[in-house]
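Taken together, the values in this text are just the output of simple stated rules run on the coordinates, not laboratory data. Computed from a predicted model, the values in this text were never measured in an experiment. We place every Cβ from the backbone using ideal geometry, glycine too, and count neighbours over all the protein chains shown.
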Amino acid sequence: GDIVTVDAINGSINVENIKVFDRKVNHPDLSNNSFGVGRELFDIFRNNAGPAKAGASVFNF
């Protein structure tokens, strides 16, 4: 694995291996992962969640 240092206080990110940016990005085909692995059970929550600033809840209290 690559060593990545995140310094939230100073707002910096350091990557030990600079060649990491030259790597080819792998974009897997996820089109067959929509059903049968539990995602369909949470689909209603994803589609009805409120905004993050309001807590992203599906319930309206």
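Overview of results
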read-out	value
Rounded D (µm²/s) - region 1-47, Kirkwood Rh over Cα pairs, Stokes-Einstein at 25 °C, 0.890 mPa s	168 µm²/s
Computed [θ] at 222 nm, deg cm²/dmol, the chain (DSSP H ≥ 4; -39,500 (n - 2.57); rounded to nearest 500)	-5000 deg cm²/dmol
Cα centre as origin, Lys/Arg/Asp/Glu Cβ charges: the chain dipole, Debye	140 debye
The chain, relative contact order [Cα under 8 Å, separation at least 6], %	16 percent
Two-site FRET efficiency, D29 against D2, from Cβ-Cβ distance with R₀ of 35 Å, rounded to 0.05	0.90
